[in-house]
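Everything on this sheet refers to the single structure shown next.
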Amino acid sequence: MNLDKWQEEVLATKGNICLRSGRQVGKSTIIGLKAAQYALETPDKLIMVISKTERQAGLLFAKILRNINNIDRKQIEKGKLRPTKHLINLKNKSQIHCLPAGDTGYGIMGFTIDLLIADEAAFIPEEVWNSVIPALAVTGGDIWLLSTPFVKKGYYYNCFSDPTFTSFHTSSEDCPRISKEFLEHKRNTITKAQYAQMYLGKFVDEVRQFFSDELIRRTCTLKRRTKIGVGDYGLGCDVARMDRDEFTYEIIERIRSDYLEQVENIITKDIPLPESTRRILHLNQIYDFKKIYIDSGGMGIAVCDMLKEIPDMKYKVVEINNAQRIYDKEERKKKLIKEDLYNHLKSLMENRKIKLLDDDEVKASLKGIQAEHHPETGRLKIYGNDSHVAEGLIRAAQISKEKSLNMWIR
């Protein structure tokens, strides 16, 4: 593995570590290697990998396992002790656990930890740290934090300037694997604050959380149902793109004209578009959707085209992207832009007209949505890390308008 200079320094560093960086610089790559070496070289240790969601924690966990396999695969236990998606057992009695932190860290309590690794640590709720840090008290273990930055507050933000941590700050502009053309394009298409946070790895005051923690906590309370209701169902899809391979399906039921409930959140990974289209058809057999709202930007248009070839689906599919124009019965144009979609969902949440699933992926996606006003135009810009679930939800929530707008696409 050819390492950058800062990665070599991370590999050689002992004790607590806090990594702050732009996207795609290789922070999880080096921590995956460092954790593998630690597990192999120090017997009888318990290593805990956490993140806000199981999926995010699993990505780093998989890199650790891959590195152990490359360095010394004979140390990996087999049979009943073989690796699972939550646990790696080594013959030197060291263990690596992988768990979602959730909202409280309750599932992590009870462990005695020698090394805690937190991925996307800036997005982990404060209550989690109160639950997990005591697990290091007996061992005096180390903490490795890695993340793109978020707001200027909280445990991760404080740790970056804590003298008991060795802190590293790496910009995407310093990464030789990211092209200057790509960064120049991003610099010209997003705001300065957004670019500073996502690619320069800076904490930025102007960036604000769009959905407050309290609003998310109050809204995301539903458990998954075992029975199908009798209301109108809407499906919101955020289609996988070249730079992100998750395809999300968000199902919302309109129980009354003024009240919605989320029924399901489904995320698929590395699935070809024809198979994703078949998944939509299968879900339609179950829920008989009134409308299917699809992000038709980029590769999403192919999904729309495939569905519209099917007679029963033609009038259910509604394409919604940032430039889409929707017509009502009087032929009046309405440009439904991204900010409108997000503001509509937020209004439903604030007025208690929607309840969402108590699901870590749903809550993490909403928490990661940020908003800022452009310094010149004053226009609200909305964006976020891992926004795919939220992008599906803002589309599915349009089912609340279906009867009054009688929408169709031109």
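Quick notes on this structure:
- Within the range 161-182, being in contact (Cβ under 8 Å) with a residue 60 or more places away in the chain, over 15 Å from residue 24 (Cβ atoms) and not small (Gly, Ala, Ser) holds for 162, 164, 165, 166, 168, 169.
- Of all the listed residues (56, 7), the sole one being over 24 Å from residue 138 (Cα atoms) and in contact with a Gly (Cβ under 9 Å, 6 or more places away or on another chain) is 7.
- Of all the criteria given as (1) in a helix (DSSP H, G or I); (2) surrounded by 18 or more Cβ atoms within 10 Å (Cβ to Cβ), the one not satisfied by residue 8 is (2).
- The criterion of at least 2 residues that are in contact (Cβ under 8 Å) with a residue 60 or more places away in the chain is met by the following strands (runs of 3 or more DSSP E) wholly inside the range 81-120: 95-100, 115-119.
- Looking across the range 183-198, just one residue is without any contact (Cβ under 8 Å) to a residue 40 or more places away in the chain and of a type in the set (Val, Ile, Thr), and that is 189.
- Any pair with Cβ under 7 angstrom, 6 or more apart, that starts in the range 338-353 at a residue that is closer than 20 Å to residue 257 by Cβ and ends at one that is assigned to a helix (DSSP H, G or I) and among the charged types (D, E, K, R): 341/395
- Among the candidates 19, 81, 46, residue that is over 24 Å from residue 265 (Cβ atoms), among the aliphatic types (A, V, I, L, M) and modelled with pLDDT under 95: 81
- Among (1) closer than 16 Å to residue 19 by Cα; (2) of a type outside the set (Phe, Trp, Tyr); (3) touching a residue at least 40 places away in the same chain (Cβ under 8 Å), the one test that residue 154 misses: (3)
- Residue list for the range 80-98, filter: of a type outside the set (A, V, I, L, M) and either under 16 Å from residue 32 (Cβ atoms) or not assigned by TED's automatic domain parsing to the domain that holds residue 62 (or both): 83, 85, 94, 97, 98
- Just one of (1) within 30 Å of residue 16 (Cα to Cα); (2) out of contact with any Leu (no Cβ under 8 Å at 6 or more places or on another chain); (3) in the same structural domain as residue 141 (by TED's automatic domain parsing) fails for residue 183. It is (1).
- Leading residue by the ranking (surrounded by the most Cβ atoms within 10 Å (Cβ to Cβ)) among those in the range 130-166 that are polar (S, T, N, Q) and more than 17 Å from residue 197 (Cβ to Cβ): 131
- The range 181-197: number of residues that are surrounded by fewer than 19 Cβ atoms within 10 Å (Cβ to Cβ) and touching a helix residue (DSSP H, G or I) at 6+ places or on another chain (Cβ under 8 Å): 4
- The range 264-288, residues that are free of Cβ contacts under 8 Å to residues at least 60 places away in the same chain and hydrophobic (A, V, I, L, M, F, W, C): 266, 271, 273, 280, 281, 283, 286
- Lone qualifier among 350, 361, 391 - being within 19 Å of residue 194 (Cα to Cα) and at pLDDT 90 or above: 391
- Hits in the range 279-301 (condition: under 24 Å from the mean Cα position of the chain (by Cα) and in a helix (DSSP H, G or I)): 279, 280, 283, 300, 301
The values are calculated or read from the model by the stated rules, or taken from the named source; none is laboratory data. Just so it is clear, the model here is predicted, and its values are computed rather than measured. Counting neighbours? That spans all protein chains shown, and the Cβs are built from the backbone with ideal geometry, glycine included.
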